[in-house]
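Engineer: Handing you this structure, nothing more for now.
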Amino acid sequence: MSKNEFMAIDANSLPWEERFNERIGRALFRKELFNDPETGVLIRLVRYPAGVINPQHTHPCGHGMYVLEGKLVTHRGTFGPGSFVWFPEGEVMEHGASPEGDVTVVFVTNKAFRIDYLNQPQS
């Protein structure tokens with residue numbers, strides 16, 4: 001789909017894609033809404049299960065999270081529904097769900113996404 005074309009997605013009808021994360025030993029869930037291969041900009045729904053925190057990492061892109069439901073726990077505080085949180089590129093961060101329940105966010109990047117964990121495990 002070209003970024004110059006109109007699009008509308010019924011996100012409720014999209015299945016959650018389960019993505020196992022070896023670093024946290026649990027799956028995260030997502031629904032891809034938009035991905036521009038030219039710029040790397042992407043928009044997706046992301047759900048962290050209760051108590052799951054993505055440990056210290058960085059990204060070569062800035063990214064934002066708009067909290068739809070639950071509580072987003074970050075290294076800079078906890079944010080509830082209706083909050084928008086922006087992480088600048090290169091910032092060392094942690095984020096995930098509170099122990100009380102899952103958190104669902106709209107996740108947006110400003111360019112190509114990659115995750116780089118700090119303290120990589122020794123092999």
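Engineer: Just rank S83, S98, fewest to most, by other beta-carbon atoms within 10 angstrom. Mind showing how you got there, number by number?
Structural biologist: Numbers: S83 14, S98 18.
So the residues, fewest neighbours to most, are S83, S98.
Engineer: Lys/Arg Cβ at +1, Asp/Glu Cβ at -1, dipole of the chain taken about the Cα centre: which of T39, H95, I115 is farthest positive-ward?
Structural biologist: Ranked along the dipole, the leading option is H95.
Engineer: Another one. With +1 on the Cβ of every Lys and Arg and -1 on the Cβ of every Asp and Glu, and nothing else charged, how large is the dipole of the stretch 20-112 about its Cα centre, in debye rounded to the nearest 20?
Structural biologist: Its charge dipole is roughly 140 debye.
Engineer: Taking 8 Å as the Cα distance limit and 6 or more residues as the minimum spacing, I'd like the relative contact order of the chain as a percentage.
Structural biologist: Values: 282 pairs, mean separation 34.8, N = 123.
Over the chain, the number comes to 28 percent.
Laboratory data are not the source of any read-out in this text; all were calculated from the coordinates shown. Only a predicted model underlies this, so the values are computations on that prediction, with no experimental measurement involved. Cβ sites come from the backbone with ideal geometry, for glycine too, and all protein chains shown count toward neighbours.
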